[in-house]
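The structure under discussion appears below in the form of structure tokens.
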């Protein structure tokens, strides 16, 4: 239906920005929006926006622009937010527990079916209805059949070991929240979301600004 | 002390990877490490690693390599993880609450001093010793003096409004967890960590792999 392989990565990264803005318009009951208005609101060139949206086979109407409801639905569908993606999570500490409890993720199509940890304080419990098992269960019983995504929120020192286990039980995409650089086979998707690394980038930018002003 | 402005962004993004690996070596009581070993472990060219580390005025010794304890200390110091950065957080929902409770962040130098929300269910409470105030208090009493960083974990539709308020009360860096593309003055640092956008990138990669195999 779409030619996803041809989609440039920067386009893919911008699409959620458009959706966030369109969600806002939708909440405000706006019916039509021009690429110029989107451009002004989120600071991306109007021509770039039109080009990006053409990958989704969406085209605005002359003088009217894009229909908000249609654009929202197309974006949600294309980005995968409209369908269910089952996942398991290894490491149910503060961040892992929070991701399980975050209702926002389910609105974006992520369905966490089980958590795994080694800590007796959380194993056997439920968080927002999601059971937390001992990680040994993953080795003995394998992965819940439907899960394709494995979320890694363990301490960085065991991130690689955790990734290897997830791949061994059939997980096809790893969402790595640790700053550890996981190595894996080429057919496995690795998405890094290292919030601590972002912290370092922010500290550094702040330091540069402080130096410029001092 | 450092020429931070000359530091390329990709270098800055790689430094936390090195630190995560060095932390692991440190936990294993390893004393020295070569750039070749780091390269093998985290899949970055050894020459690139040596070049990156030279920005920190760290050089390995011939045939011995880098001293793990020294490299760890230098990286933590350079990345800002060794000093305290005070922050406030607006939006104490599941993600915001989790960031407050995440002891990991304090290990990386982030000290959250207060949370703000409009929800009566959390206002007046404490999370891990951090008080949660009504957001109106930020307008009436301003920002706790020492805070330079404002964390935004509100719904995307109010992200811009929240950013404007934070800047108005003197915040100099915004850590934006929403997918909304915040606009602000050039002297304000904006760090985007949009976990939902990362989710879309991961779904898309998975879709491409599934298409290739199907």
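Computed from the coordinates by the stated procedures, all read-outs in this text should not be read as laboratory data. Keep in mind that this is a model prediction, so the values were computed, not measured. So basically every Cβ, Gly included, is an ideal-geometry build from the backbone, and we count neighbours across all protein chains shown.
The calculated FRET efficiency for residue A:211 paired with residue A:136, based on their beta-carbon distance and R0 = 60 Å, is about 0.75.
Across chain B, the relative contact order, built from alpha-carbon pairs under 8 Å that are at least six residues apart, equals 13 percent.
Normalised by the number of residues in segment B:13-135, what is the relative contact order in percent for Cα pairs under 8 Å and 6+ residues apart? Value for segment B:13-135: 19 percent. Between the Cα long axis of helix B:159-168 and the first principal axis of chain B there is an angle of about 90°, rounded to the nearest 10. Per-residue shielding of A:182-193, expressed as the average number of other chain Cβ atoms within 10 Å of the residue Cβ, stands at 4.
Here chain B carries DSSP beta bridges of which approximately 20% are antiparallel, counting only pairs with both residues inside. Peptides A:44-55, B:189-200, ordered by how many other C-beta atoms sit within 10 Å of their residues on average, highest first, read B:189-200, A:44-55. Note on residue B:69 and residue A:183: with the Förster distance fixed at 22 Å, the Cβ-Cβ geometry gives a FRET efficiency of about 0.30. With Cα atoms defining each centre, segment A:43-58 and segment A:115-139 are spaced 44 Å apart in the structure. Note on B:96-108: average number of Cβ atoms from other chains within 10 Å of each residue's Cβ is 5. Bridge orientation summary for segment B:1-119: considering DSSP beta bridges with both residues in this region, about 35 percent are antiparallel. Residues B:100, B:58, A:182 in ascending order of nearby Cβ atoms (within 10 Å, fewest first): B:58, A:182, B:100. Among A:212, B:202, rank each residue by its count of other Cβ atoms within 10 Å, from fewest to most, as a rough exposure measure. Going from least to most buried by this count: A:212, B:202. With only the Cα atoms considered, chain B has a convex hull volume of 173 Å³ per residue. With a 10 Å cut-off around each Cβ of A:19-31, the average count of Cβ atoms from other chains is 3. Between helix A:68-78 and chain A, what is the angle of the helix's C-alpha long axis to the longest principal axis, kept within 0 to 90° and rounded to the nearest 10? The angle comes out near 40 degrees.
A helix-only calculation puts the protein assembly as shown at -13500 deg cm²/dmol for mean residue ellipticity at 222 nm, using -39500 (n - 2.57) for each DSSP H run of at least four residues, averaged over all residues. Using the average count of surrounding beta-carbon atoms within 10 Å as a protection proxy, the listed peptides B:130-139, B:28-37, A:136-145 rank, highest first, as B:130-139, B:28-37, A:136-145. Specify whether the C-alpha gyration tensor of segment A:10-49 places it in the rounded, prolate or oblate class, a ≥ b ≥ c being the square roots of the eigenvalues: rounded for a/c under 1.5, otherwise prolate if a/b is larger than b/c and oblate if not. It comes out oblate by the Cα gyration axes. Relative contact order of segment B:91-186: 24 percent, from C-alpha pairs under 8 Å at least 6 residues apart in sequence.
For the protein assembly as shown, DSSP calls about 20 percent of its internal beta bridges antiparallel.
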